[in-house]
């Protein structure tokens, strides 16, 4: 009898994309728990539990977070340039 290895990981999800991330988690039946929130930076901290076969889904979520953060940084840079 083989047991599946479960990996746990914490992810900081920007509040602006939490519904998109939740949809991906639900569609792929990824076990998750909200374990914290940072209202100063508008992020929700979740812990996900996944099997090896689900790693691509976690990578997809990490890409969503990175894409959002890059977009935010670009907008901040544009705002800074307009102020000069």
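Values in this text are rule-based calculations from the coordinates and carry no lab data. No experiment lies behind these values; they were computed from the predicted model shown. Neighbour counts are summed over all protein chains in view; Cβ atoms, including those assigned to glycine, are modelled from backbone coordinates with ideal geometry.
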- Item | Cα-derived Rg over Rh, computed across the range 6-83 with Rh taken as Kirkwood radius | 1.05
- Can you tell me how much longer the chain between residue 60 and residue 72 gets when fully stretched, taken as 0.36 nm per residue apart minus their C-alpha distance, in nm with one decimal? 2.5 nm
- Task: Only residues of the range 50-66 count here: report those whose backbone N is under 14 Å from the spot 7 Å along Cα→Cβ of residue 34, or say none.
- Result: none
